[in-house]
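Below is one structure, written out as structure tokens; the observations come after it.
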Amino acid sequence: MEAAKMQTMLSVAFGANNLTFTGAINGDVYVWKDHFLVRLVAKAHTGPVFTMYTTLRDGLIVTGGKERPTKEGGAVKLWDQEMKRCRAFQLETGQLVECVRSVCRGKGKILVGTKDGEIIEVGEKNAASNILIDGHMEGEIWGLATHPSKDIFISASNDGTARIWDLVDKKLLNKVNLGHAARCAAYSPDGEMVAIGMKNGEFVILLVNSLKVWGKKRDRKSAIQDIRISPDSRFLAIGSSEHTVDFYDLTQGTSLNRIGYCKDIPSFVIQMDFSADGKYIQVSTGAYKRQVHEVPLGKQVTEAMVIEKITWASWTSILGDEVIGIWPRNADKADVNCACVTHAGLNIVTGDDFGLVKLFDFPCTEKFAKHKRYFGHSAHVTNIRFSHDDKYVVSAGGDDCSVFVWRCL
């Protein structure tokens, strides 16, 4: 065929009458019989045809590709047995869906997997869209925070999005595109704002109800590793991989001028926690040292008597005498990635490089302490948090790009 040019083929489907269909990177579909090309369906999609599915019962063919929704076209199309006529479906999810990576069909419905990590069910008769599963796209999830008074949490990922989820219904409530890979997140004590640290050194503060930007700043060039808001909502602490912790006074408004920083931090920041009175911050570092600093001047506190008397508003540190028992035998220093103590202060939960979630008593001062362990993640656990009432645990995965919700019984 003169119109046909050599193309990279991305998908294949087998039809009736010994026909074979292949979807090309330029949006065309090639129709073959035996080893011969018999027809070319030009611009079946305006972009690459990523997926095709044939239903043996009636021979109809579903294609999925990259195509902006229009009156005549869309990223999902249902064709007749010879791919001469089609019907396009508009995927109504509240957001533009223009890239489909996988399709399946059966019982009058089409299942659609999108580039954005969604699985959508589409009715053939009424063309109604129903989102079955939401999720992050490619990239690890490191940012995780639970709301201080509601059954919701936020996850922030390398895919450049932050998403707010309902803990009980396990549904996506809202999401925002940040424009850069995100690394960490923290709610304000009143739950009205959420701060997110980015991999490029920027941080942003969003209003929770609208996910609109309240303020943003970039004083560092490398990743923000952890981010915290003090219990009185006054100070924002930004821990980076540049061996620094910066302090900002939120009462000064959206200008977000740095008012102090911690000196003498030996390596990149792993976790931070404010004291209950907001006067101190504990910093766990990549040198596997835990340090305590004054807020907001940043001066290091070294007197053991002073440190012992501090009451911490939260505990997410994997370091310190209080948590020495969370480390397993023969553990490499990097094996335990994250921890979180219940608001009641009785238990600590951890996530590690082996995909395990473990539950210990707290404080955990004896080496190789007894614990319960839970399986689910297929890769390292990057972050972990208790819900506001300690009824749930939320854990984030690395390479498996997943968030697990565990019920505490």
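Could you check how many residues of region 268-288 are outside any loop (DSSP other than H, G, I, E, B) and open to solvent by less than 10 Å² (accessible area, probe 1.4 Å)? Of the residues in region 268-288, 10 are outside any loop (DSSP other than H, G, I, E, B) and open to solvent by less than 10 Å² (accessible area, probe 1.4 Å). Annotation for region 313-321: at least one member residue is in contact with a Pro (Cβ under 6 Å, 6 or more places away or on another chain) and among the aliphatic types (A, V, I, L, M). Put simply, of 217, 212 the only residue that is assigned by the TED database to the domain that holds residue 165, without any contact (Cβ under 8 Å) to a residue 24 or more places away in the chain and farther than 20 Å from residue 293 by Cβ is 212.
The residue that is surrounded by the fewest Cβ atoms within 10 Å (Cβ to Cβ), counting only those in region 211-223 that are of a type outside the set (D, E, K, R) and farther than 22 Å from residue 174 by Cβ, is 222. Among the residues of region 370-382, write down those that are in a strand (DSSP E or B) and open to solvent by 20 Å² or more (accessible area, probe 1.4 Å). Once the filter is applied, which keeps residues that are in a strand (DSSP E or B) and open to solvent by 20 Å² or more (accessible area, probe 1.4 Å), region 370-382 yields 372, 373, 374. Which residue is surrounded by the fewest Cβ atoms within 10 Å (Cβ to Cβ), if the candidates are limited to region 342-369 and must be at negative phi, among the hydrophobic types (A, V, I, L, M, F, W, C) and in contact (Cβ under 8 Å) with a residue 40 or more places away in the chain? Out of the qualifying residues, it is 344. Within the set 62, 49, 31, the sole residue that is over 23 Å from residue 111 (Cβ atoms) and open to solvent by less than 50 Å² (accessible area, probe 1.4 Å) turns out to be 31.
The set of residues in region 393-406 being open to solvent by 20 Å² or more (accessible area, probe 1.4 Å) and either in a strand (DSSP E or B) or farther than 24 Å from residue 184 by Cβ (or both) consists of 403, 404, 405, 406.
Residue count for region 93-110, restricted to those that are open to solvent by 50 Å² or more (accessible area, probe 1.4 Å) and of a type in the set (A, V, I, L, M): 1. Just to be sure, is residue 138 assigned to a loop (DSSP other than H, G, I, E, B), among the acidic types (Asp, Glu) and within 26 Å of residue 210 (Cβ to Cβ)? No. Being within 26 Å of residue 94 (Cβ to Cβ) and either open to solvent by less than 40 Å² (accessible area, probe 1.4 Å) or part of a strand (DSSP E or B) (or both) is the requirement here; does residue 145 meet it? So residue 145 fits the description; yes.
Among the residues of region 69-77, is any crowded, with 17+ Cβ neighbours inside 10 Å and touching a Pro at 6+ places or on another chain (Cβ under 9 Å)? There is at least one residue in region 69-77 that is crowded, with 17+ Cβ neighbours inside 10 Å and touching a Pro at 6+ places or on another chain (Cβ under 9 Å). Candidates 173, 167, 207: the one that is assigned by the TED database to the domain that holds residue 401, open to solvent by less than 40 Å² (accessible area, probe 1.4 Å) and either closer than 28 Å to residue 280 by Cβ or of a type outside the set (Lys, Arg) (or both) is 167. Look at residue 113 and say whether it is open to solvent by less than 20 Å² (accessible area, probe 1.4 Å), closer than 30 Å to residue 184 by Cβ and part of a strand (DSSP E or B). Considered against the rule, which asks whether it is open to solvent by less than 20 Å² (accessible area, probe 1.4 Å), closer than 30 Å to residue 184 by Cβ and part of a strand (DSSP E or B), residue 113 comes out as yes. Within region 34-46, being in a strand (DSSP E or B) and either surrounded by 14 or more Cβ atoms within 10 Å (Cβ to Cβ) or aliphatic (A, V, I, L, M) (or both) holds for 37, 38, 39, 40, 41.
Taken over region 250-267, the criterion of being of a type outside the set (D, E, K, R), open to solvent by 60 Å² or more (accessible area, probe 1.4 Å) and not in a loop (DSSP other than H, G, I, E, B) is satisfied by 251, 252, 259, 261.
Residue under question is residue 94, and the condition is that it be without any contact (Cβ under 8 Å) to a residue 12 or more places away in the chain and under 28 Å from the mean Cα position of the chain (by Cα); does it hold? Criteria met by residue 94.
The values are calculated or read from the model by the stated rules, or taken from the named source; none is laboratory data. Being a predicted model, the structure only gives us computed values, none of them experimental. Cβ atoms come from the backbone with ideal geometry, glycine included; neighbour counts cover every protein chain shown. Note: accessible area is taken over every heavy atom of the protein model, side chains too, but ligands, DNA and RNA are not part of it. Shrake-Rupley method; radii C 1.70, N 1.55, O 1.52, S 1.80 Å.
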